[in-house]
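Below is one structure, written out as structure tokens; the observations come after it.
What follows is calculated from the coordinates using simple rules that are stated; it is not laboratory data. Just so it is clear, the model here is predicted, and its values are computed rather than measured. Note that we place each Cβ from the backbone using ideal geometry, even for glycine, and neighbour counts take in every protein chain shown.
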Amino acid sequence: MLVNILSGTGLFLSAKVPSPWQTGVFFLGSLFLNCVPSYYEGFLDMKDEPTDDKTIRKNGQLRKLGFYSLVAGYSLLIVKHRRMRR
């Protein structure tokens, strides 16, 4: 949930830089990579199918990549805001 809020805030802040698509890609990727595994696990839970270790490990790697995408987006956003002030 926190990643969704932070990604939405990052998208809002991206609109204030000259080329918002560069940082927006990272925030949208973060949303996608964190939400899709959750939906998949939810559908498996609704069907009462057990989740195996391989699925959990793969979803964990996707979520890590999504978090790193969020960090990269905010890092790029900070760099762009500092360049705008100069």
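Sort 14-21, 59-66 by packing, meaning the average of other beta carbons within 10 Å per residue, with the highest value first. Provide the component values of the computation, followed by the final result.
Values: 14-21: 12.9, 59-66: 15.5.
Top to bottom by mean Cβ count within 10 Å: 59-66, 14-21.
Which one is right for this structure if Rg/Rh (Cα atoms, Kirkwood Rh) is calculated from it: (1) 1.45; (2) 1.24; (3) 1.13? Calculated Rg/Rh (Cα atoms, Kirkwood Rh): the matching label is (3). For the stretch 32-65 versus the stretch 1-28, the spacing of their alpha-carbon centroids is 24 Å.
Between Gly73, Leu44, Asn4, the Cα set farthest toward the positive side of the dipole of the chain (charges on each charged residue's Cβ, about the Cα centre) is that of Gly73. The distance between label points at Thr9 and Asp52 comes to 4.0 nm (points 7 Å beyond Cα on the Cα→Cβ vector).
With the helix formula -39500 (n - 2.57) applied to DSSP H stretches of n ≥ 4, the chain reaches a computed 222 nm mean residue ellipticity of -30000 deg cm²/dmol.
Compared with the dominant principal axis of the Cα atoms in the chain, helix 53-85 is inclined by about 10°. Phi-derived couplings, Karplus 6.51 cos²θ - 1.76 cosθ + 1.60 at θ = phi - 60°, listed residue by residue for the stretch 23-34: 7, x, 4, 5, 6, 5, x, 5, 4, 5, 6, 9 Hz, with x used for Gly and Pro. Under the convention that each Lys and Arg Cβ holds +1 and each Asp and Glu Cβ holds -1, the size of the dipole of the chain around its Cα centre is about 920 debye.
Taking the C-alpha atoms only, the angle from helix 2-14 to the longest principal axis of the chain is near 30 degrees.
Mean separation of Cα pairs under 8 Å and 6+ residues apart, divided by the residue count of the stretch 2-85: what relative contact order is that in percent? Working shown, then result.
On the way: 67 pairs, mean separation 35.5, N = 84.
Value for the stretch 2-85: 42 percent.
Excluding Lys16 itself, calculate the net charge of residues whose Cβ lies under 15 Å from the Cβ of Lys16, where each Lys or Arg counts +1 and each Asp or Glu counts -1. After counting each charged neighbour, the total is +4.
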